[in-house]
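The structure under discussion appears below in the form of structure tokens.
Rule-based calculations on the coordinates, nothing more; no lab input. Only a predicted model underlies this, so the values are computations on that prediction, with no experimental measurement involved. Positions of Cβ are backbone-derived with ideal geometry, glycine not excepted, and every protein chain shown enters the neighbour counts.
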Ligand SMILES: C[S@@+](CC[C@H](N)C(=O)[O-])C[C@H]1O[C@@H](n2cnc3c(N)ncnc32)[C@H](O)[C@@H]1O
Ligand SMILES: Nc1nc2[nH]cc(C(=O)O)c2c(=O)[nH]1
Ligand code: SF4
Ligand SMILES: [Mg+2]
């Protein structure tokens, strides 16, 4: 499915019904991140996000959302053309959309293994085989010194909103209690480790789920092999220091994070 260039925002046209989703792209690739890294998977990328990480590798779903509106049935049809049995629903933030719950249960009823890539701020009761949760750390917040990587959008209003909304322990607790999960943190700085440790401790305290250190994955920040070459050493070091897991970004190593990969 081609990327739609309607960048006018996320308001659905009048004629679009509630079962429609803003879709940025559907493509087949290898899962590049996390404990299913290397598994051939079809990716459904919704558009629109409630946060604005400065480093967002999907700028065209957050800072400048582009999309077309498609019914759940059309999206499922697109997925079926790619074959395979693993689907990754990502974004943008897929869980902000009501219709994503229908998409996931429809995919599941057709026998697909479903992963949701989510920032962990919204819980939905649906069919998720792996909740791949990436809570956002203080170092993700856009500032004048850390403007968005993809363009020159104004960080003022979004900096405050991102900082206010990036962590929701009720949503995080519901996600880890309801689903098999991984907690996948983007690392940009040594100071991230203390925040990750206290966040995981707090989540252990407020949820009934068992959270093992092996469920916590540290991922280097970067959308190019050159940038990853700079961030992965520190990320591996912090993973070893605490006993957390390290995850690579295979799609960046292999394909430079090009669209459709
Ligand atoms: C684009 S996000 C979409 C899903 C959801 N909004 C989220 O942030 O989890 C997919 C994954 O890419 C990660 N990510 C985004 N930009 C990144 C970057 N520059 N380097 C490393 N990981 C990044 C996110 O943390 C998340 O795990
Ligand atoms: N190959 C590949 N693996 C991925 N894992 C998570 C991705 C995402 O953008 O959510 C992603 C992606 O964009 N491409
Ligand atoms: S939460 Fe995810 S999609 Fe939203 S800005 Fe951050 S990385 Fe991008
Ligand atoms: Mg990506």
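Mind running the shape call on the range 145-240? Use the C-alpha gyration tensor, a ≥ b ≥ c as the square roots of the eigenvalues: rounded below 1.5 for a/c, prolate if a/b tops b/c, oblate otherwise. Write down the numbers at each step before the final one.
On the way: a/c = 2.26, a/b = 1.28, b/c = 1.76.
Oblate.
Each part gets one Cα centre, and for the range 30-70 versus the range 133-163 those centres are 17 Å apart. Distance between the 7 Å Cα→Cβ label points at residue 18 and residue 205: 3.9 nm.
The calculated FRET efficiency for the pair residue 154 and residue 254, based on their C-beta separation and a Förster distance of 41 Å, comes to about 0.75.
Seen against the Cα atoms of the chain and their longest principal axis, helix 99-109 is set at about 90 degrees. Expressed in Å, the radius of gyration and Dmax of the Cα atoms of the range 27-177 are 15.5, 47.
At 222 nm, what helix-only mean residue ellipticity would the chain give, in deg cm²/dmol to the nearest 500, using -39500 (n - 2.57) for each DSSP H run of four or more?
Working: 7 runs with 81 residues, N = 261.
Computed ellipticity for the chain at 222 nm equals -9500 deg cm²/dmol.
Return the FRET efficiency for the residue pair residue 109, residue 241: r is the Cβ-Cβ distance, R0 is 41 Å, and the value is rounded to the nearest 0.05. Efficiency, rounded to the nearest 0.05: 0.40.
Calculate the FRET efficiency for residue 64 and residue 198 from the Cβ-Cβ distance with a Förster distance of 45 Å, rounded to the nearest 0.05.
Details: r = 33 Å, r/R0 = 0.74.
Calculated value: 0.85.
Could you tell me which of rounded, prolate or oblate describes the chain, using a ≥ b ≥ c as the square roots of the eigenvalues of the alpha-carbon gyration tensor, with rounded for a/c under 1.5 and, failing that, prolate when a/b is larger than b/c and oblate otherwise? Mind showing how you got there, number by number?
Working: a/c = 1.42, a/b = 1.26, b/c = 1.13.
Here the chain falls in the rounded category.
A simple spin-label model places pseudo-atoms 7 Å from Cα toward Cβ; at residue 165 and residue 125 they are separated by 2.4 nm. Compute the long axis of helix 72-82 from its Cα atoms, compare it with the longest principal axis of the Cα atoms of the chain, and write down the angle in degrees, 0 to 90, nearest 10. The two axes meet at around 80 degrees. Annotation: extensible slack from residue 212 through residue 143 equals 21.5 nm (criterion: 0.36 nm per residue apart, minus Cα-Cα distance).
Angle of helix 192-206 to the longest C-alpha principal axis of the chain, folded into 0 to 90 degrees and rounded to 10: 70°. Among 108, 208, 47, 132, the ranking by other beta carbons within 10 Å of each residue's beta carbon, starting with the fewest, stands as 208, 108, 132, 47.
Please tell me the relative contact order of the chain in percent, rounded to the nearest whole number, where contacts are Cα pairs under 8 Å and at least six residues apart. Provide the component values of the computation, followed by the final result.
Working: 550 pairs, mean separation 47.2, N = 261.
Taking the mean separation of contacting Cα pairs over the length of the chain, I get 18 percent.
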